[in-house]
1. Failed condition for LYS67, given (1) farther than 22 Å from SER152 by Cα; (2) touching a residue at least 12 places away in the same chain (Cβ under 8 Å); (3) over 13 Å from the mean Cα position of the chain (by Cα), with all others met?
2. Mind checking which helices (runs of 4 or more DSSP H) fall wholly inside region 126-212 and carry at least 2 residues that are at pLDDT 90 or above and under 30 Å from ALA96 (Cβ atoms)?
3. Checking the structure you have, find out if any residue of region 35-47 is of a type in the set (Asp, Glu), out of contact with any Ser or Thr (no Cβ under 6 Å at 6 or more places or on another chain) and in a helix (DSSP H, G or I).
4. Of the numbered conditions (1) in contact (Cβ under 8 Å) with a residue 40 or more places away in the chain; (2) surrounded by fewer than 15 Cβ atoms within 10 Å (Cβ to Cβ); (3) of a type in the set (Ser, Thr, Tyr), TYR58 satisfies every one except a single condition; which is it?
5. Inside region 123-157, can you point out the residues that are within 15 Å of the chain's Cα centre (by Cα) and among the aliphatic types (A, V, I, L, M)?
6. Determine whether region 64-71 contains at least one residue that is of a type in the set (Gly, Ala, Ser), touching a Leu at 6+ places or on another chain (Cβ under 6 Å) and assigned by the TED database to the domain that holds GLY146.
7. Consider only pairs whose beta carbons are under 6 Å apart and that are at least six residues apart or on different chains; among these, list those whose first residue lies in region 148-159 and is assigned by the TED database to the domain that holds PRO95 and whose second residue is among the small types (Gly, Ala, Ser).
8. Exactly one of (1) over 26 Å from VAL55 (Cβ atoms); (2) under 18 Å from the mean Cα position of the chain (by Cα) is unmet by GLN160. Its number?
Amino acid sequence: MTLTTKDRLIRAAAELLEEGGREALSTRAVSAAAGVQAPTLYRIFGDKDGLLDAVATYGFKSYLEGKHALGQTGDPVRDLRRGWDLHVEFGLRRPAFYMLMYGEPRVREARQEADAMLRRIIERIAEAGRLRVPVEQAAQLVHATGMGVILSFLASPPEQRDPDLLIAAREHVIAAITTDCPDKASDIPSRAIALKAALEKEPGDVLTPAERAMLAEWLDRLAR
């Protein structure tokens, strides 16, 4: 299949990123690698930020393909473990891409699907009555811990990297946000979290929007 000029520029930029890091992504270097003139790059992407957005989207496409390939099991906690392992493996295998995708304050549009996938797994844990903390808090904690482990690993000399740390961090965060099994999740906070997750999934028409908002606030209080 013949690549478009835009695709050639994105692939050239992706290769430069993996070979030399973000510093290698000058517009001149990308244009030369793709065999086009610099004005062509600006015409397609507007500026360098537009190019970086396109390259980050390219990275997320690869990442999300792996996520979707995992599929879904009947155990959402197991799915969280599998998703964590894939996320960490991607970050350690493609560090330059990972930093472009996740290492900036602004959330690119391409990242929203990845964040939504994590949130959906957390919601499934809540619906099963196994979540200790509110969904949003759990999702942020999982992401922050995973990113912290990846950055810590990358900043350490290879001989000092302990693979057991990856497993320990994963199990620590899972223990912090989940209960062992559904039949032990009989406390009020877990029930409140489960009910809120169920109502967000299927709000129905019994309550008005204002009543749903009030109930959500009450459930958040009970979940603390």
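1. LYS67 satisfies all of (1) farther than 22 Å from SER152 by Cα; (2) touching a residue at least 12 places away in the same chain (Cβ under 8 Å); (3) over 13 Å from the mean Cα position of the chain (by Cα) except (3).
2. Helices (runs of 4 or more DSSP H) meeting the threshold: 135-155, 163-177.
3. Within region 35-47 (the criterion being of a type in the set (Asp, Glu), out of contact with any Ser or Thr (no Cβ under 6 Å at 6 or more places or on another chain) and in a helix (DSSP H, G or I)), the answer is no, since none of the residues qualifies.
4. Exception for TYR58: condition (2).
5. Residues satisfying the conditions are VAL135, ALA138, ALA139, LEU141, VAL142, ALA144, MET147, VAL149, ILE150, LEU151.
6. Scanning region 64-71 turns up at least one residue that is of a type in the set (Gly, Ala, Ser), touching a Leu at 6+ places or on another chain (Cβ under 6 Å) and assigned by the TED database to the domain that holds GLY146.
7. Cβ pairs passing all conditions: VAL149/ALA169; ILE150/GLY91.
8. Of everything listed in (1) over 26 Å from VAL55 (Cβ atoms); (2) under 18 Å from the mean Cα position of the chain (by Cα), GLN160 misses just condition (2).
The values are calculated or read from the model by the stated rules, or taken from the named source; none is laboratory data. Just so we're clear, the structure is a prediction, and the values are computed from it rather than from any experiment. So basically every Cβ, Gly included, is an ideal-geometry build from the backbone, and we count neighbours across all protein chains shown.
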